[in-house]
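Structure, as structure tokens:
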Amino acid sequence: MSNLLLISSALLTLFVLRTLVALVNAGSKPYLPDPKDQVSGKVSILIPARNEEENLPRLLDSILRLDYQDVEVWVCDDHSSDSTRQVLEAWSAKDDRIRYFQGEPLPPSWTGKNYACHQLAKKATGDYLLFVDADVTLASQVLQKALAFVQAKQLALLTIFPRQLMPGISERITVPFMNWALLNLLPLVAVRKLKNPLFAAGNGQFMLFDTRLYKKTFWHKKVKSCYVEDILIVRALKKEGQRVAVLLGNNDVFCRMYQSYRESLQGFSRNVHEFFFGSRVLMVLFWISLLATPVALFLSWGWSGLLFYLVLFIINRLAVSWASREKLGASLLLHPLHIVFFAHLIFSNAWLRIKKNGTWKDRTIMG
């Protein structure tokens, strides 16, 4: 067997495996089920906010519309330079469950978000701690469904990847790639079913903890210097034998993460390598495999090889689009631009590593 045929067979096997993972994710319906029983327990909704004057009104409005009313809301104004404080003053006057405070000065060795979350956790009095980012919005029924799932599965943590809202073309080019990579590389049900911490994913945009278990460790303090706190917390919990589940937002949790190509590049480049077990080498090899697979199949098996690739590609994209509630047509047409963006992302991530620092929300971050 020639070297080309060996390489083609290996690339095809990887592509088939990725497609099977995507099909498992679509078929397992990784969403919050409707609750079967009544739920109870006070929920502390905790929001770290730095320069979030535009996003906070949407989030706070969605919180006040929640069907589940046993909540308190704490917002940490993390030294915002915009009108975040004025927004919080106005909303706290509308409902006394909404409270806010000015964050303390950032200590050495802490990241801004982790320190804000740590301060929020110390303020909270609920039986459950729900950390949400300011760019998230919540459907009215989400807390009943989330609490019912956590209680039924006896989870230490439930984390949800929100359904992404992408009205702009730059967002459609950039944001879907990360969902596609996640749903190609990790069967989400394995995070809950398998004890191995390698099967881990997390999203800091929605993390619901059992307070008793969280406050044994104060997890954000445990990962205080890390910019990918969500994945690391999930891995650490699994190492301790705690139960964790990862779901998709479906019609329950929404987010408009970034509003421009530049924002997406800056945001994702901080931690994209963590999707590949923290390895930049694996990240680059994955990108190479995306480019090499159709070429290798065509060179080895001609048009039949390329046709088989296209069939697998459509199945793969269909599965991811179905699971993520994205439009299939757009995901197919924009796939080449997703790959170009991924290349730019790899370069930006490597450059951040070489420089040893970058900026995010007017703060220096270490590469």
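Residues being loosely packed, with under 14 Cβ neighbours inside 10 Å and touching a Gly at 6+ places or on another chain (Cβ under 9 Å): count how many of those fall in the range 149-170.
0
Return the only residue of VAL281, VAL311 being over 26 Å from the mean Cα position of the chain (by Cα), assigned to a helix (DSSP H, G or I) and more than 23 Å from SER264 (Cβ to Cβ).
Criteria check complete, one pass: VAL311.
If LEU334 satisfies every condition in (1) out of contact with any Pro (no Cβ under 9 Å at 6 or more places or on another chain); (2) at pLDDT below 95; (3) open to solvent by less than 80 Å² (accessible area, probe 1.4 Å) but one, which is the exception?
Of the numbered conditions (1) out of contact with any Pro (no Cβ under 9 Å at 6 or more places or on another chain); (2) at pLDDT below 95; (3) open to solvent by less than 80 Å² (accessible area, probe 1.4 Å), the odd one out for LEU334 is (1).
Among (1) outside any loop (DSSP other than H, G, I, E, B); (2) open to solvent by 20 Å² or more (accessible area, probe 1.4 Å); (3) within 26 Å of ALA124 (Cα to Cα), there is one condition ILE233 misses while meeting the rest; what is its number?
With (1) outside any loop (DSSP other than H, G, I, E, B); (2) open to solvent by 20 Å² or more (accessible area, probe 1.4 Å); (3) within 26 Å of ALA124 (Cα to Cα) applied to ILE233, the lone miss is (2).
Does the range 102-121 hold any residues that are hydroxyl-bearing (Ser, Thr, Tyr) and either within 22 Å of the chain's Cα centre (by Cα) or crowded, with 20+ Cβ neighbours inside 10 Å (or both), and which are they? Quick ask: steps written out before the conclusion?
Step one: list which residues in the range 102-121 are hydroxyl-bearing (Ser, Thr, Tyr), which gives 109, 111, 115.
The answer is THR111, TYR115.
Has the range 188-197 got at least one residue that is among the small types (Gly, Ala, Ser) and within 26 Å of LEU318 (Cβ to Cβ)?
Yes, some residue in the range 188-197 is among the small types (Gly, Ala, Ser) and within 26 Å of LEU318 (Cβ to Cβ).
When you check ASN203 against the structure, is it in contact (Cβ under 8 Å) with a residue 24 or more places away in the chain, at positive phi and buried (at least 20 other Cβ atoms within 10 Å of the Cβ), yes or no?
no
All but one of (1) more than 30 Å from ASP34 (Cα to Cα); (2) touching a residue at least 12 places away in the same chain (Cβ under 8 Å) hold for SER92, so report the exception by its number.
Of everything listed in (1) more than 30 Å from ASP34 (Cα to Cα); (2) touching a residue at least 12 places away in the same chain (Cβ under 8 Å), SER92 misses just condition (2).
Among (1) open to solvent by less than 70 Å² (accessible area, probe 1.4 Å); (2) of a type outside the set (Val, Ile, Thr); (3) without any contact (Cβ under 8 Å) to a residue 40 or more places away in the chain, where does MET283 come up short?
MET283 satisfies every listed condition except (3).
Residue under question is GLY241, and the condition is that it be over 18 Å from SER28 (Cβ atoms) and open to solvent by less than 10 Å² (accessible area, probe 1.4 Å); does it hold?
no
Quick one: would you say TYR31 is of a type in the set (Phe, Trp, Tyr), open to solvent by less than 30 Å² (accessible area, probe 1.4 Å) and under 17 Å from VAL132 (Cα atoms)?
no
Residues of the range 189-209 being more than 12 Å from the chain's Cα centre (by Cα) and among the hydrophobic types (A, V, I, L, M, F, W, C), which ones?
Once the filter is applied, which keeps residues that are more than 12 Å from the chain's Cα centre (by Cα) and among the hydrophobic types (A, V, I, L, M, F, W, C), the range 189-209 yields VAL189, ALA190, VAL191, LEU194, LEU198, PHE199, LEU208, PHE209.
Sort through ALA350, ALA319 and tell me the only one that's more than 18 Å from the chain's Cα centre (by Cα), closer than 24 Å to CYS226 by Cα and surrounded by 16 or more Cβ atoms within 10 Å (Cβ to Cβ).
That would be ALA350, the only listed residue that is more than 18 Å from the chain's Cα centre (by Cα), closer than 24 Å to CYS226 by Cα and surrounded by 16 or more Cβ atoms within 10 Å (Cβ to Cβ).
The values are calculated or read from the model by the stated rules, or taken from the named source; none is laboratory data. These figures come from a predicted structure and were not determined experimentally. Reconstructed Cβ throughout: ideal geometry from the backbone, glycine too, with neighbour counts over all protein chains shown. What goes into the accessible areas is simple: the full protein's heavy atoms, side chains included, and nothing from ligands, DNA or RNA. Shrake-Rupley method; radii C 1.70, N 1.55, O 1.52, S 1.80 Å.
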